[in-house]
């Protein structure tokens, strides 16, 4: 007679078997010369940039017939593709669409990330005011205070993890503050975020998918309860503003409110954590660049732009084909997907001289597309830049002798590029 435990073990064994088949399929495709499959191998996840170079050499636009997707590889076409109104972000345009939302709570196409105009325009107008450069600048004091507190706790002469001990609590506490989540609850959001983002990418294991679904459900329950409290007792936070938002008779529906609070919370810290982790690794792996930053604090703003270009936190974005589209002579069929390779565009030698070299003085570093471009330009770009400037400003000023202290551990995802751990050690100037 079967028990719940028996079923659990059977499910786990089945998951392991299916995941093994998936990984084996990727390896076979990679060995047969499928360049896109190489991006999903352990080697490709560790360093996708040589693969991007091969893709660009093959053409600015190419098709992966085995995987059923088109790819835009150059800076020129990536910049055009994210603005092309014929390409949709709505996943319902994809063949065999499956809703990636939270069941009865909301659907993925109710998130601004998956909305086309006019709905995208409406939601962005209602939410966007909270993310203007002016609004973000008012947060600088709060960000600086959290950064100082965390670095004091890490200690000047002890080893610590730049990701877990610094970047994660800094960025989560800031976005929680913006949304009106109590500061002492940030650790719950770290766990939810770590799990929920595992399901983002081209190749996701069954184990990660199950963990993501469970954490997303818990996070949705928490946010739904918080929304209920804010309706009866509004504050000065973004969630209260989203509830009250009205312009020309427009409001967010209950489902849109929950969907976009969910998105803002996760996107509001995950990408910036990766910026800080990737950036620290890049700088400490190029000692002369770290020394330049430490000796000249005026370089920090441009350094953030170059770090975003050099190893961007989000490697690609997706578009879907609601109808047949011809682009640069390529005929792309309705129902297919287009991968717009931001990471490849940021290493395009047609735009960036010696693109595989980190150069925090690079004159055109800001031409990167790490935040995408056009109507779907990252809503939180100003916040990410501000947090990056505070983080690298404080790290370089307070810990100029910072060095790697052990082996960093990369995340396993292909979409979100970052580290689980970056162990470092330093002494201080005092």
Antiparallel as a % of all DSSP beta bridges within the range 33-425, to the nearest 5?
-> 85
With labels modelled as points extended 7 Å from the Cα through the Cβ direction, what inter-label distance (nm, one decimal) is found for residue 85 paired with residue 366?
-> 2.8
Gap in Å between the Cα centre of the range 132-152 and the Cα centre of the range 356-386?
-> 20
Work out, step by step, the length gained on full extension between residue 404 and residue 97: first 0.36 nm times the residue separation, then minus their alpha carbon distance; give nm to one decimal.
-> 106.1 nm
Rounded to the nearest Å, the spacing of the alpha-carbon centers of the range 64-79 and the range 248-284 is 25
Return the FRET efficiency for the residue pair residue 228, residue 140: r is the Cβ-Cβ distance, R0 is 22 Å, and the value is rounded to the nearest 0.05.
-> 0.10
Going by how many other Cβ atoms sit within 10 Å of their own, how do 411, 129 line up, fewest first?
-> 129, 411
Among 317, 158, rank each residue by its count of other Cβ atoms within 10 Å, from fewest to most, as a rough exposure measure.
-> 158, 317
With 0.36 nm assigned to each residue of separation and the Cα-Cα distance removed, residue 420 to residue 356 gains 20.7 nm
So how do 334, 134 line up by other beta-carbon neighbours within 10 Å, fewest first?
-> 134, 334
More than 32 Å apart - percent of Cα-Cα pairs taken over the range 33-425 = 33
Put a dot 7 Å past each Cα toward the Cβ at residue 251 and residue 218; how far apart are the dots in nm?
-> 3.2
What is the distance, in nm, between label points placed 7 Å from the Cα along the Cα-to-Cβ direction at residue 331 and at residue 184?
-> 6.5
The extension gain from residue 288 to residue 76, computed as 0.36 nm times the residue separation minus the Cα-Cα distance, is 73.2 nm
Rounded, prolate or oblate: which fits the range 351-404, taking a ≥ b ≥ c as square roots of the Cα gyration tensor eigenvalues, rounded meaning a/c under 1.5, else prolate when a/b beats b/c?
-> oblate
How long are the semi-axes of the ellipsoid equivalent to the range 290-430, from square roots of 5 times the Cα gyration tensor eigenvalues, in whole Å, largest first?
-> 34, 17, 14
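Each reported figure results from applying straightforward, stated rules to the coordinates on display, with no laboratory input. Owing to the predicted nature of the structure, the values given are computational and were not obtained by experimental measurement. All Cβ positions, even for glycine, are placed from backbone atoms using ideal geometry, and neighbour counts span all protein chains on display.
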